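Remarks on the structure that follows.
The values are calculated or read from the model by the stated rules, or taken from the named source; none is laboratory data. These figures come from a predicted structure and were not determined experimentally. Heads up: the accessible areas ignore ligands, DNA and RNA and are worked out on the full protein's heavy atoms, side chains in. Shrake-Rupley method; radii C 1.70, N 1.55, O 1.52, S 1.80 Å.
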Amino acid sequence: MSKAHILGYPRIGLRRELKQALETYWRNELDAEDLREAGRKIRRANWRVQREAGLDLVTVGDFSFYDHVLDTSLLLGAVPQRFRPAAGDTDLDIGFRMARGRARAGDSRETYACEMTKWFDTNYHYIVPELDCDQSFGVSAVQLFDEVREAQAAGYAVKPVVLGPLSWLWLGKAQRESFDRLRLLDRLLPVYAEIFSLLKDLGVEWVQVDEPALVLDLPPAWKQAYESAYNRLQAAGPKLLLATYFGPLEDNLYLAVRLPVAGLHIDCVRGPEQLSTVLDQLPPYKILSLGVVDGRNVWRTDLATALRLLQPVQARIGERLWIGSSCSLLHAPLDLAAEKELAPGLGSWLAFARQKLDEVSLLKRALNEGPSAVAAALDQNRLALQSRRESACVHDPELRQRLASVRPEDARRGSPYPRRAPLQRARFRLPLLPTTTIGSFPQTPEIRKARLALKRDEIDAETYRRHMQDEIRHAIREQESIGLDVLVHGEAERNDMVEYFGELLEGMAVTANGWVQSYGSRCVKPPVIYGDVKRQRPMTVEWAAYAQSLTAKPVKGMLTGPVTILQWSFVRDDQPRASTCRQLALALRDEVRDLEAAGVGIIQIDEPALREGLPLRRRDWQAWLDWAVESFRLATSGVRDATQIHTHMCYAEFNDIIAGIAALDADVITIETSRSRMELLQAFEQYRYPNEIGPGVYDIHSPRVPAVSEMVTLLAKASRSIPVERLWINPDCGLKTRAWPEVKGALENMVRAAIDMRKSFASAAATSG
């Protein structure tokens, strides 16, 4: 009999209970035991729905109070010196200090946080392990073992999940000095062996060991390390299910299949072509888990197609076949049943995490009992898929004709940057080291209250409009009093930088409760791109023009770029992603030109997902960059030379794609650099990036207010990499998640740092003159 399981489940709670508990704890309004109890309630609910759906094993260890990579670092004792515990510290507080810079309000031991970056090619952020050549390890946290006991006590058959040693090392980053991270493996493996032994002592039969690094281009030394590592771990404890996902194994296939583990999981959504080779190579004792239900998207599984893939496998290997999700369902919204206002028909095309459990279980039943046992469900699935294919709202012939008429010159600015820059400097007359922000300001309770009142029809559109104008006026006045040089309207009207556009663009739908964790307590609701994307009317022009009318200083128009809207949405799977991205680019091109016509002279089109969307295999990079860069340029190139185009990127390693970033041809790029202490600027220096750069001088994801001296130190470091006449000063990212007192304190210090640096450069120039 084939078994059913998943690789992980969302951990935020049906009503985002984790977010509420975390933020209350961080404000010192909830104690640690109450926070832990909130976690227990979420876990119990997750395990219950997995068993009710008919899964044979419930996944344990996929819950986290912030991030599972951070939890692995804590489990292994890989805690940097600046976070070493003091009397009274808990694992929770150490982890939060590593993630946020401080554990709770009033934390006297606050410091700069660990780096944060994207988990492979997803929009989930993880806390980067900091590795030193003299690193020591030891089992140092009990959360995993407590959760196993908790689930067992409730009567569940458990399958703990642990991030594997090679993937954890791969995701880590050498500190102080560069060294080969594999040097740490000999110290790390005994700790993993101890973890597995402790799980065996608890009566655990199977442990899921996640090794997603196996879908990457690995150097030969890392491949050899996999062989030696798992040979050393094979006798350490329970049966190991080696889980790979996010792509096919390709050149690592033979290695993965032959590792001495009891089972292998492969992603048959992103890599169905690997199945036949895996079957040919699979040892006769080994379990094969096939991820046939997409953990990354929201479309219903084509159950008939999945069965056609699974049936011959079952005929060949029998009960050694397991059925599962392609990856953790962490990346999907929780439950479609919470959606009451989706457009007619759209809901029948979708499956959220709860529904994906049913799909996995249904496929198991169809295999074990025969398709006739689930005939009604299979018929319903077939009709839903047919409805989607035949829907008139999916295709727009007029838009497709417009796309066909796009010319290569439509994706090029009128003049190169060296000719544009003097025109822009003459127009805006900004000082050396101009200061600005990335776009958003705090989403206050008053803003959220007005938005909710409009949604509930408690106020009309005009009243809501006046509320938002009041918030914009407040943001402009605050920025003027702080002394910023280029202002923003603050985005009070926007619930999220992607969801906002999803509400306004044709071919996109938004959900009421489709929350997905981005990091920590931060959750987003990715829109669903179900059809051709088209702009019906201006989306941001009114707000930007109103803000500009309030001040003599330039105000940036703020847009989210086509690649980021694509990456941070659930994208239709019935056409190439490049085609959808070009549709988004055309819609934004119209918006950019309308902003310019309304007198907005600086327009920022954010592309933080440009690096994130890069394919996992290097050979596929250039093709992806070609259409991603072309889409950005199509969106931005319809303006005059004196109009200044900005873009923003964050939480990614830029070194490998610096040429692609330069090809965007934005006049100014702002980037996140504070957590890496300006290290990311090395790529721009080595490439001799030709345009203007605004490196972030403080971390907005931490509640800390950094000192002026701290920012001056970072700016001085930046000025050694980038000519000062091309440097801007700004925070790392938008400020919507922060409170106004933090924002004002940090921005006032940032402006003071800019003034100090200007004086320093003026003095140096006078001395040299």
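Compute the Cα gyration tensor for segment 450-525, then decide on rounded, prolate or oblate, letting a ≥ b ≥ c be the square roots of its eigenvalues: rounded whenever a/c is under 1.5, prolate when a/b is larger than b/c in the other cases, and oblate in all that remain. Verdict is oblate for segment 450-525.
Look at the alpha carbon pairs under 8 Å that are at least 6 residues apart: their mean separation over the length of segment 616-769 gives a relative contact order of 20 percent. Annotation: amide H of ASN495 within the under-5 Å range of TYR500, sequence separation 5 or more or interchain, hydrogens built in the peptide plane.
Considering only Cα atoms, the convex hull volume of segment 1-101 works out to 107 Å³ per residue.
Backbone geometry of segment 270-281 corresponds, through the Karplus equation with coefficients 6.51, -1.76 and 1.60 at θ = phi - 60°, to 3J(HN,Hα) couplings of 8, x, x, 5, 7, 4, 4, 5, 4, 4, 5, 9 Hz, x marking Gly and Pro. Can you list residues whose amide H is under 5 Å from PHE137's amide H, if they're 5+ apart or on another chain and H is modeled 1.01 Å from N? Those lying under 5 Å, H to H, from PHE137: there are none. The alpha-carbon of LYS759 sits under 29 angstrom from the alpha-carbons of these lysines, leaving out residues fewer than 8 places away in its chain: LYS553, LYS556, LYS717, LYS744. Counted over the chain, the DSSP beta bridges are approximately 15% antiparallel. Can you give me the relative contact order of segment 232-365 as a percent, contacts being Cα pairs under 8 Å and 6 or more apart? Once normalised by length, the contact order is 23 percent. Phi-derived couplings, Karplus 6.51 cos²θ - 1.76 cosθ + 1.60 at θ = phi - 60°, listed residue by residue for segment 206-212: 10, 10, 8, 10, 7, 10, x Hz, with x used for Gly and Pro. Largest first, the residues VAL406, VAL528 sort by 1.4 Å accessible area into VAL406, VAL528.
Can you list the lysines whose alpha carbon is less than 23 Å from that of LYS3, not counting same-chain residues fewer than 8 positions off? Hits, sequence-local ones excluded: LYS159, LYS200, LYS239, LYS286, LYS356, LYS364. For segment 340-350, the Karplus equation 6.51 cos²θ - 1.76 cosθ + 1.60, evaluated at θ = phi - 60°, returns couplings of 10, 10, 5, 4, x, x, 4, x, 6, 8, 10 Hz by residue, with Gly and Pro reported as x.
Reported to the nearest whole Å, the Cα centre-to-centre distance from segment 247-286 to segment 16-38 is 41.
Dividing the helix sum by the residues of the chain, where each DSSP H run of 4 or more adds -39500 (n - 2.57), gives a mean residue ellipticity at 222 nm of -13500 deg cm²/dmol. Computed on the chain, with alpha-carbon pairs under 8 angstrom and 6+ residues apart, the relative contact order is 12 percent. Normalised by 2.2 N^0.38 Å, where N counts its residues, the alpha-carbon radius of gyration of the chain equals 0.95. Take the alpha-carbon centre of segment 89-132, take the same for segment 143-161, and report the distance between them in whole Å. Here the answer is 26 Å between Cα centres. For ALA243, the residues whose amide H sits under 5 Å from its own are VAL209, ASP210, GLU211, HIS265, ignoring neighbours fewer than 5 places away on the same chain, with H placed 1.01 Å from N.
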